[in-house]
1. Mind pulling the angle between the C-alpha long axis of helix A:380-405 and the longest principal axis of chain A? Nearest 10 degrees, somewhere in 0 to 90.
2. Hey, fewest Cβ within 10 Å first, where do A:Ser294, A:Ser395, A:Ser383, A:Ser100 land in order?
3. Quick one: A:Lys281, A:Lys32, A:Lys314, fewest Cβ neighbours within 10 Å first, how do they rank?
4. Taking amide H positions as placed in the peptide plane 1.01 Å from N, state which residues far from A:Gly166 in sequence (5 or more) or on other chains have amide H under 5 Å from it.
5. What area, in nm² and to one decimal, does the C-alpha convex hull of the range A:1-190 cast on average over all directions?
6. Using each residue's phi in the range A:246-255, evaluate 6.51 cos²θ - 1.76 cosθ + 1.60 at θ = phi - 60° and report the 3J(HN,Hα) Karplus result to the nearest Hz, with x for Gly and Pro.
7. How would the range A:243-467 be classified by its alpha-carbon gyration tensor: rounded, prolate or oblate, with rounded meaning a/c under 1.5 and the a/b versus b/c comparison settling the rest?
8. Any idea what the dipole of the protein assembly as shown comes to, in debye rounded to 20, about its Cα centre with Lys/Arg Cβ at +1 and Asp/Glu Cβ at -1?
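Nothing in this text is a laboratory measurement; each read-out follows from the coordinates by a stated rule. Remember, it's a predicted structure, so these values are computed and weren't measured experimentally. Glycine gets a Cβ as well: all are built from the backbone with ideal geometry, and neighbour counts include every protein chain shown.
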Amino acid sequence: MEAVLHLFSHRRYQVLGTAWLAWFVNYIDRTKTAALLPLIIASLGMTTRETGQVLFWFFLGYACVQPFAGFFTDLIGPKKMLAVTIGAFSVFTWTMAFVSNWHELALRNLLFGIAQGFEVTAGSRLTATWFPPATRGRAFAFHQTAYTIAPILVPFIVVPIAQITGSWRWSFLVVAFFGLPILAAINRFIVDRPERDPKITRAELDVIFGEAELRRKHGEVTDPARAHRLEELPPGERITPYSEIFANRNVALMFGAGFFFLLASWGLTTWLPTYGVQQLKLPLLVAGSLSSISYLGALCGVLLSGVLSDLVLKTKRTPIWLLGGLLMAATIGWASTFRQGVPIGLAYLAFFIAGFGASWTPTGTLFAPYLAEILTPGAVGRSLGVVVLGGMLGSTVAQPLTAAMVVQTPAGPDFHRAFLMFATCGVLGFLCCAGLIEPRVRRTYLGYLVSGGREGTWQPTSPIPAA
Amino acid sequence: MAAHIAHPGSLILALAGPAAKMRGVGPANPTQDFGPLWILAIALNVINTVIVLYYLVRIWRQQEHPVTGGTAGHP
């Protein structure tokens, strides 16, 4: 306990803790509506098609803002962006309690998607800016645990409130207040950049930037695309023109990887319970727990990825994604052979590993450290917007594509082809990751392995600051 | 769409059984659903929104600058 208190006496951990809470609330937002849907459907008399529309509009809003989310984050700063998304969470959440038909619900879901789409770039940029490369992987892995814990906890909060009060509307009214302490924490703990924080100590700044970097740079141009000389920039940043951010093969490959990996992981977790009931003939309760076991695998995967990347792989990021793609493809390919009567322990093991593998991807973990290192922390917002857009497009097409792949047989629906599609997405995501430059070895990681551990010649267009 | 089926929240409902499933549904009209607590619901929302606006204005007005010429002023 004392160690934890000591840890949180450092400003960077206070920033990380607040960013974690904001990301957690973002996922509460997404999952609370899903958890209450059975009640809302009955209350508003919604059809399956209308329900699909309501869910679709959230993803559409979220995907549409991604190209702008990074720009706004870099323009107005992550603190203000984070505050706006949490404020929007609180206000839109209570408005959900007053809907009377599915059209209003869909409109509010669209607004939710738009508001929440700005959070990931803000939280990621803060983590990338406040942590040095040596511990950035672990810090960001901790940040990402929020998206695996929230889906596990939320139903145990919102469903009992609805059951006790007799209406799902009270769940929204109560949850709307969750945003307020987070706004207070943002106000108190978050500062956009470490060197602008009056409460930070010199020792902590040395840990974040290194002494040489602190001596060299005192600039005030926080946008690395607008600086012309290195001295204009604050510590930890390097000049990164727009061409380097957007005409960048690594960002393009991460866009592709994000598309394939999120298509597979959203398609899988959404359809798992239906697959369990219809193909494996499991009881609903057991079939539903297949999704939970997948989230548990993701939680373990995210935590382990940061430790492995920082300590074992010495701050290399791409090997984790290569392993994740292969693991995901192999496990889902194996699961495609499961039929009725498969031992439940075996199914749990397969979907735990599938969830674990799915978290070791450029949309699951380590994406902020990687973008900060291949570009610069000040460009994480804009470049991440592109990557998340790829992922959200994959999520949007996942549902209709999966439905089209399910074959109707005399014994019932067969998901074999859908699972093979997910496994293929794992392979395609792996291939995208194989083309990514690993900045620590200045070439692709596979190239580094094949050449017997020789470093390559890749260099950014402007010099990297000393760590 | 199976997203709501996928969610663990549905499992709690499944566990609770058909009678419990109906509990928490309520009428489509929010005024009827809240009943005599309608005023309380509105009051909670007003309080919530006022606090949100207070923090947003406060955070929006904050300006950040490097502390005393870069980092020289840090202890």
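1. On a 0 to 90 degree scale, this one is about 20.
2. Details: A:Ser294 26, A:Ser395 22, A:Ser383 30, A:Ser100 16.
If I rank by nearby Cβ atoms, fewest first, I get A:Ser100, A:Ser395, A:Ser294, A:Ser383.
3. Numbers: A:Lys281 13, A:Lys32 26, A:Lys314 10.
Ascending number of Cβ neighbours within 10 Å: A:Lys314, A:Lys281, A:Lys32.
4. Counting only residues 5 or more places away or on other chains, the set is B:Gly24.
5. Numbers: hull surface 45.2 nm².
Spelled out: convex hull of the Cα atoms, projected over all directions, averaged, 11.3 nm².
6. The phi angles translate into 9, 8, 10, 5, 5, 5, 5, 5, 5, 4 Hz.
7. Details: a/c = 2.47, a/b = 2.06, b/c = 1.20.
Cα axes put the range A:243-467 in the prolate bin.
8. 260 debye
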